[in-house]
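Asker: Pasting a structure below so you can have a look.
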Amino acid sequence: NRFDHELPSGGLEVRVLRESDGSPVIGNPVIATSDDSLGNPILAMTDGDGIAKFRFLSPGPYQVSIGSAAMPGLGGDTTLGGRILTAQVGNQREKLEVRLAEAAVFRVRALDLDGRALPGVSMFFLDSNGLPLSMISSQATNSKGVAELNGLPAGPGRILLKHPTAGQKEFTINLSSGELSKQEVRLDPGVVVWLKVIDASGGPAAGVFATLKDDRGVRISMLFSMQD
C-alpha cells in the first residue's frame, strides 16, 4: 500500500534574546498554539543560538508563548520573564525576534467565601487579551492556600485562579520586573453549565468534544490543571 501526503509548507522561527545584553537564551521552551488545534500546543526548545523552530505548520494565526512559565517543569531560565505573542503563518517560514527582561514573581493566597484557606487552587497568568501564558498549571495552592508563579512578564496582566469545586476568580495585576507581588483573593463558586448534545434524530450524541469561550473569545475550558 502507498499513501502520499503533502505536509504544510509553513513554519515559524522564534529567536529569543536577553534584553540586558542581547545574548541568546538557550534551553527555554517556546510553545505555538493555533486556533484550529483545540488548544493543543506544539513545543520547541531554543538551541545554542536561542532559536526555536517549528516546521510543517498550517497557515493561520498562532499564539506563541515564550519562557519558563510557558511550560512549567520543563526547565528554562526562571530569572527571565515570559512573553505572549501572536504570529500569522503563511506558506513560508516566518521569523520572530523576542527579548526577555528580568522576570516578575506573583504569589497568591486563595480563600473561600468564608475566609478559609483553599488548597488545590490552580493559577494561570493571562495577558491583557485573556490569552494564557501556559495552558497547564502544574502547581496548586498548598494547605495554607498559597501558590507562586515565577518567570512572568512585567507590566499589566491578569491572574486566573481555578478550583474544581470552589469556583474561580480572574483579576488584573501590574507586575514589576525583578520584584515579588502578593495578593489575597476569595474565590466565587459561580455557576455550572450543563450541555446536552443530540443528533439529528434527537438522541444523545456521544463523544462530542465541547469548548467554552468567554465574551473575549478566549477558550476558558481549555485551561486545565492537575487538580481538575
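Asker: For the structure I just gave you, tell me whether K182 is part of a strand (DSSP E or B) and surrounded by fewer than 18 Cβ atoms within 10 Å (Cβ to Cβ).
Answerer: Yes; evaluated as a whole, the condition is true for this residue.
Asker: Among (1) assigned to a strand (DSSP E or B); (2) within 11 Å of N28 (Cα to Cα), which single condition is G48 missing?
Answerer: The single condition G48 does not satisfy is (1).
Asker: Then there's this: Would you please list the contacts, defined by Cβ atoms under 8 Å and residues six or more apart or on different chains, that run from a residue in the stretch 87-115 that is more than 28 Å from I42 (Cα to Cα) to a residue that is open to solvent by 100 Å² or more (accessible area, probe 1.4 Å) and part of a loop (DSSP other than H, G, I, E, B)?
Answerer: Going by the 8 Å Cβ cut-off, the qualifying pairs are R109/K144.
Asker: A follow-up question, please. Quick one: count up the residues across the stretch 89-123 that are of a type outside the set (S, T, N, Q) and either more than 22 Å from P156 (Cβ to Cβ) or in a loop (DSSP other than H, G, I, E, B) (or both).
Answerer: If we filter the stretch 89-123 for residues that are of a type outside the set (S, T, N, Q), which is where we start, we get 89-90, 93-121, 123.
Narrowing the set further to residues that are either more than 22 Å from P156 (Cβ to Cβ) or in a loop (DSSP other than H, G, I, E, B) (or both) leaves 89-90, 93-95, 97, 101, 103, 111-121.
Within the stretch 89-123, residues that are of a type outside the set (S, T, N, Q) and either more than 22 Å from P156 (Cβ to Cβ) or in a loop (DSSP other than H, G, I, E, B) (or both) number 19.
Asker: Filtering the stretch 127-142 down to residues that are open to solvent by less than 20 Å² (accessible area, probe 1.4 Å) and on the phi < 0 side of the Ramachandran plot, which residue is modelled with the lowest pLDDT?
Answerer: So, considering only residues that are open to solvent by less than 20 Å² (accessible area, probe 1.4 Å) and on the phi < 0 side of the Ramachandran plot, the one modelled with the lowest pLDDT is S137.
Asker: Something else about it: Looking at G155, G145, which is the one that is under 18 Å from the mean Cα position of the chain (by Cα), free of Cβ contacts under 8 Å to residues at least 60 places away in the same chain and open to solvent by less than 70 Å² (accessible area, probe 1.4 Å)?
Answerer: G155
Asker: Do we find that R93 is modelled with pLDDT of 95 or more, open to solvent by 40 Å² or more (accessible area, probe 1.4 Å), farther than 25 Å from D214 by Cβ and of a type in the set (K, R) in this structure?
Answerer: On the way: modelled with pLDDT of 95 or more: no; open to solvent by 40 Å² or more (accessible area, probe 1.4 Å): yes; farther than 25 Å from D214 by Cβ: yes; of a type in the set (K, R): yes.
Spelling it out, it is not the case that R93 is modelled with pLDDT of 95 or more, open to solvent by 40 Å² or more (accessible area, probe 1.4 Å), farther than 25 Å from D214 by Cβ and of a type in the set (K, R).
Asker: Further question: L7: over 27 Å from I220 (Cβ atoms) and not in a strand (DSSP E or B), yes or no?
Answerer: Answer is yes for this residue.
Asker: Ok, one more. Contact list please: Cβ distance under 6 Å, first residue in the stretch 216-228 and over 16 Å from M123 (Cβ atoms) and assigned to a strand (DSSP E or B), second residue of a type outside the set (A, V, I, L, M, F, W, C) and open to solvent by 40 Å² or more (accessible area, probe 1.4 Å), pairs at least six apart or on different chains.
Answerer: Cβ pairs passing all conditions: R219/T211; R219/K213.
Asker: If you don't mind, another one. Looking only at the stretch 72-81, decide whether some residue is open to solvent by less than 30 Å² (accessible area, probe 1.4 Å) and of a type in the set (G, A, S).
Answerer: The answer is yes, given that some residue of the stretch 72-81 is open to solvent by less than 30 Å² (accessible area, probe 1.4 Å) and of a type in the set (G, A, S).
Asker: Are there any pairs with C-beta distances below 8 angstrom linking a residue in the stretch 203-214 that is within 13 Å of V193 (Cα to Cα) to a residue that is part of a loop (DSSP other than H, G, I, E, B) and at pLDDT 85 or above, with the two at least 6 apart or on different chains, and if so which?
Answerer: Taking only residues 6 or more apart or on different chains, the pairs are A210/L195; A210/V197.
Asker: Please give the number of the condition A103 fails out of (1) crowded, with 20+ Cβ neighbours inside 10 Å; (2) touching a Phe, Trp or Tyr at 6+ places or on another chain (Cβ under 9 Å); (3) of a type outside the set (S, T, Y).
Answerer: Evaluating A103 over (1) crowded, with 20+ Cβ neighbours inside 10 Å; (2) touching a Phe, Trp or Tyr at 6+ places or on another chain (Cβ under 9 Å); (3) of a type outside the set (S, T, Y) leaves (2) as the failure.
Residue-wise test of (1) crowded, with 21+ Cβ neighbours inside 10 Å; (2) of a type outside the set (K, R); (3) more than 23 Å from V218 (Cα to Cα).
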| site | (1), (2), (3) |
| --- | --- |
| R107 | no, no, yes |
| D114 | no, yes, yes |
| L149 | yes, yes, no |
| H163 | yes, yes, no |
| K169 | no, no, no |
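Asker: Something else about it: Go over the candidates T78, T86 one by one and state the one that is among the polar types (S, T, N, Q), closer than 22 Å to P156 by Cβ and not in a strand (DSSP E or B).
Answerer: T78
The values are calculated or read from the model by the stated rules, or taken from the named source; none is laboratory data. All of these numbers come straight from a predicted model, not from anything done at the bench. Methodologically, a virtual Cβ is constructed for each residue, glycine included, from the backbone with ideal geometry; neighbour enumeration extends over all protein chains shown. To get the accessible areas, we keep the full protein, side chains included, count just its heavy atoms, and leave off ligands, DNA and RNA. Shrake-Rupley method; radii C 1.70, N 1.55, O 1.52, S 1.80 Å.
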